[in-house]
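Reviewing the structure listed below.
The values are calculated or read from the model by the stated rules, or taken from the named source; none is laboratory data. The shown structure was predicted, so the numbers you read here are calculated from the model rather than taken from an experiment. As a convention, Cβ positions derive from the backbone with ideal geometry for all residues, glycine included, and neighbour counts pool all protein chains shown.
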Amino acid sequence: MQKYLARRFLLAFVTLLSVSLIIFIMSRVSGDPRHIYLDDYSTQEDWDRMGEVLGLDKPYYEQYGMFLKGAVKGDFGESVREARPVTEVVLERSPATLLLGSVAFSFSILVGVPLGILSAVKRGTWMDQVGKIIALIGQSAPPFWLGIMLMFFFAVQLGMVPPYGKQDWNSIILPAVTLGWYYAAANLRLVRSAMLDVLDSEYIKLARAKGVNSRTIIMKHAFRNALIPPLTFAGVTLGALVTGSLVVETVFAWPGLGRLAIEALFAFDYPLLQGVVITFTLLYVTAAFVVDVLYAYVDPRIRYA
Amino acid sequence: MVTTDTRIDTEVVLSVEDLRTHFTTRWGTVKAVDGISFDLRKGETLGIVGESGCGKSVTMLSLMRLIPVPPGQIVSGKIVLDGEDIVPISEQEMAEIRGSKIALIIQDPMTSLNPVFSIGNQVEEAIEIHQDIPKQSIMDRALEVLRKVNIPAAETRVKDYPHQMSGGMRQRVVGAIGISCQPQVLIADEPTTSLDVTIQAQYLKLLKDIQKDSDLSIIFITHDFGIVAKMCDRVAVMYAGRIVEHGSVRDIFNNPSHPYTEALLASVPRMDRVVDRLFSIEGQPPPLHDLPVGCAFADRCPVVMDKCRESYPEIKAVSDGHTAACWKVE
């Protein structure tokens, strides 16, 4: 178990390091930051001084070292647009994104998993059909369209929830449903097929032959095995829900990291964009690590591998 | 090894009368089991033999009431276990009987244990369901049955998961689960097919020993006549959902009276004869959703008569305790 966790941890670390390298290279090939910081009235002297301050006169490997050193300390430079440290801006926007991501994630699990089990156990009945429709909409409707449609019906027509922004507690419902529906649909289908496979297996037959009642068969013997594929998927989901919020946050004017990334992009605010991407990576890698730990908990074959 | 004693005098623990299990499919009604009857006595081993698709496994599933409904259904007949007909009882009542009075060992040890629970847990579960005893006694009992099936160092292995054990070991665990609640009838569905020959012999010996200790009745489903000779007291030969011949092992081996039994025995390879080509039965069994009016074996039978295609032969006695369903038998 320790060996497994150590390996996973090392892997997460390597991923972060690789991403930092990619970001560094991309920020260097995309042009000299002085073109953004300095305006047309600056002199050659200003240009050189700025280069010294930012360390642009040093060789690349040294610049990367400085970048890493700063990153470890949480220093990603200063945002051009806001004239404040990037870390400060990112930290300010993170809670909104984390909130939206976790509510959407919970929605995808709480809707997808029970419906998946139900669809499998009641295969071919109307419940299975309802599940299929929910899955079909979730997987085929693009989030920007789905978001606008939900906004139109529930906010504009029915006036049940605010159409955009982050004001009352209920303003999170529409963005969370929009963001989570696709993953709820994916979970539903994964759990359904995993459950059908498991219910058809020999060990379920043996459990029934032991005299285990149907309820226990489904909730204990089948569920834990059927949990393995959706759990793998949850590793991707959790990361993607946090980072995939670019579109949804923009549609619903949700003041989170996704919208910040778009804002930074339009303002050519490279340091800020870098900071957001690094934060996304960090969240993604952490989520994947947490899922790996859960994975080992559910499946002994991984624990002892 | 062959026992001549057919145990006429001992108590009948399981009696099957005219059992019919059909499946509704889009091609029509599949008569997987179509009117079989037999008795199983205390301490006796009955072998059910036949080729794939003859209804052996559906018979086994019917006896456990594990037929998937729908598409399957036990349409008629009685299964009297320990004096009670288990066909009409509710699913809940049946769950109480499964594992306690009638238990099952299934074919593939690699997939028959749940991969996410320890083997101790899986043996204990069976005991916990049927016996109202304290947790410590359940654990003791689980250890006891694991020792009984010769799991070495059972105290430490109870914590192991199925993937940490070999196929032979896993099949022993499946056996331990089967006998954990001292059932009266144990159904073994080809329990040794996927084991190595040496492990197979060990396992069969183990089953014999357990049977001797506890006066267990065993139904042995197999297609291996070697195992039949070693393990069984009586044999029922199945073809296309029916029992075509039934008798003591000695009767079946020495005096096969149905052409299908003869053909099956002839297709067993023998060490003491040199042949160019092994014997095989020509043709295929008829599809179970479209059985002929007469004998289902008629098209493959070397001694077929006109009568055979017109009506199904009744079951007739060949000698005492030996029956066959063939027009040839007078």
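Worth pointing out:
- Residue B:300 meets the conditions (1) modelled with pLDDT under 85; (2) over 27 Å from residue B:40 (Cβ atoms) in every case but one. The failed one is (1).
- Cβ-Cβ distances below 7 Å connect the following pairs, each with a first residue in segment A:166-187 that is more than 22 Å from residue A:136 (Cβ to Cβ), a second residue that is at pLDDT 80 or above and crowded, with 24+ Cβ neighbours inside 10 Å, and a separation of six or more residues or different chains: A:166/A:254; A:172/A:100.
- Complete set of residues in segment A:34-47 that are loosely packed, with under 13 Cβ neighbours inside 10 Å and closer than 20 Å to residue A:270 by Cα: A:35, A:39, A:40
- Test for residue B:152: is it more than 14 Å from chain A (Cβ to nearest Cβ), under 29 Å from residue B:198 (Cβ atoms), more than 25 Å from the chain's Cα centre (by Cα) and not in a helix (DSSP H, G or I): yes
- Evaluation of residue A:192 against (1) touching a helix residue (DSSP H, G or I) at 6+ places or on another chain (Cβ under 8 Å); (2) within 14 Å of chain B (Cβ to nearest Cβ); (3) among the charged types (D, E, K, R) (one fails), failing number: (2)
- Residue match in segment B:165-173 (condition: away from chain A (no Cβ under 12 Å), within 15 Å of the chain's Cα centre (by Cα) and not in a strand (DSSP E or B)): no
- Condition check for residue B:187: within 14 Å of chain A (Cβ to nearest Cβ), in contact with a Leu (Cβ under 6 Å, 6 or more places away or on another chain) and buried (at least 21 other Cβ atoms within 10 Å of the Cβ): yes
- Number of the exception - residue B:194 against (1) buried (at least 20 other Cβ atoms within 10 Å of the Cβ); (2) under 21 Å from residue B:48 (Cα atoms); (3) within 12 Å of chain A (Cβ to nearest Cβ): (1)
- Candidate set: segment B:99-132, residues that are more than 7 Å from every other protein chain (Cβ to nearest Cβ), more than 20 Å from the chain's Cα centre (by Cα) and hydrophobic (A, V, I, L, M, F, W, C); chosen: the one farthest from residue B:195 (Cα to Cα): B:127
- Yes/no for residue B:227 being assigned to a strand (DSSP E or B), within 17 Å of residue B:187 (Cβ to Cβ) and touching a residue at least 40 places away in the same chain (Cβ under 8 Å): no
- Breaking point among (1) of a type in the set (Gly, Ala, Ser); (2) in contact with a strand residue (DSSP E or B) (Cβ under 8 Å, 6 or more places away or on another chain); (3) surrounded by fewer than 16 Cβ atoms within 10 Å (Cβ to Cβ), for residue A:83: (2)
- Residues that are crowded, with 17+ Cβ neighbours inside 10 Å, facing another protein chain (nearest Cβ under 10 Å) and free of Cβ contacts under 8 Å to residues at least 60 places away in the same chain occur at least once in segment B:88-96.
- Meeting the requirement of 1 or more residues that are among the aromatic types (Phe, Trp, Tyr) and at pLDDT 85 or above, the strands (runs of 3 or more DSSP E) wholly within segment B:14-125 are B:28-41.
- Counted residues, segment B:155-164 - those being part of a helix (DSSP H, G or I) and crowded, with 19+ Cβ neighbours inside 10 Å: 1
- Some residue of segment B:146-162 being more than 23 Å from residue B:209 (Cβ to Cβ) and touching a Leu at 6+ places or on another chain (Cβ under 9 Å): yes
- Contact annotation: residue pairs with Cβ atoms under 8 Å, 6 or more positions apart or on different chains, pairing a residue in segment A:48-67 that is among the small types (Gly, Ala, Ser) with a partner that is part of a helix (DSSP H, G or I), are A:51/A:34; A:55/A:62; A:55/A:63; A:55/A:66.
- Spans of helices (runs of 4 or more DSSP H) in segment A:1-98 with at least 1 residues within 31 Å of the chain's Cα centre (by Cα) and at pLDDT 80 or above: A:2-29, A:60-72
- Residue in segment A:160-173 that is in a helix (DSSP H, G or I), touching a helix residue (DSSP H, G or I) at 6+ places or on another chain (Cβ under 6 Å), more than 14 Å from chain B (Cβ to nearest Cβ) and buried (at least 16 other Cβ atoms within 10 Å of the Cβ) present: yes
- The criterion of at least 1 residues that are within 14 Å of chain B (Cβ to nearest Cβ) is met, among helices (runs of 4 or more DSSP H) falling completely within segment A:215-305, by A:223-226, A:228-243, A:270-298, A:300-303.
- Qualifying residue in segment B:149-167 (condition: assigned by TED's automatic domain parsing to the domain that holds residue B:96 and farther than 23 Å from residue B:96 by Cα): no
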